[in-house]
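Written out below as structure tokens is the structure these notes cover.
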Amino acid sequence: MRIVETWNTKQFKTTIYALDRWYVIEFEAGPMKQAYKLTKDKHPTTAQVKKVLNDTFNEGIYKNFEQMYINYKENGLK
């Protein structure tokens with residue numbers, strides 16, 4: 001696995017990793033991470049992977065992080 005690209009937004013850090021058959025897109029916010037796998041068959045370039053990361057997709061990621069944070073806090077992990 002190798003890092004292809006990484007960048008930060010005010011909400012989270014995004015990293016794209018390349019594997020033989022997959023791209024793994026990892027989102028990190030504080031102590032939490034989410035990851036998604038895309039096949040290179042359907043998304044052969046990093047530019048095509050980044051097209052998936054549109055505003056609607058990123059809003060869903062952010063909502064997942066909000067719920068994860070609530071679970072984290074309610075279970076005494078903070």
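Quick note: the coordinates plus some simple rules give every number you see, no bench work behind them. A quick note: this is a predicted structure, and the numbers were derived from the prediction, not measured. Neighbour counts run over all protein chains shown; Cβ positions are idealised from the backbone, glycine included.
Compared with the dominant Cα axis of the chain, that is its longest principal axis, helix 55-74 is turned about 30°.
Once you keep just the Cα pairs under 8 angstrom separated by 6 or more residues, what percentage relative contact order results for the chain?
18 percent
Dipole size of the chain about its Cα centre, with +1 on Lys/Arg Cβ and -1 on Asp/Glu Cβ: approximately 120 debye, rounded to the nearest 20.
For the chain, a/c is not less than 1.5, where a ≥ b ≥ c are the root eigenvalues of the C-alpha gyration tensor, and a/b tops b/c. That puts it in the prolate class.
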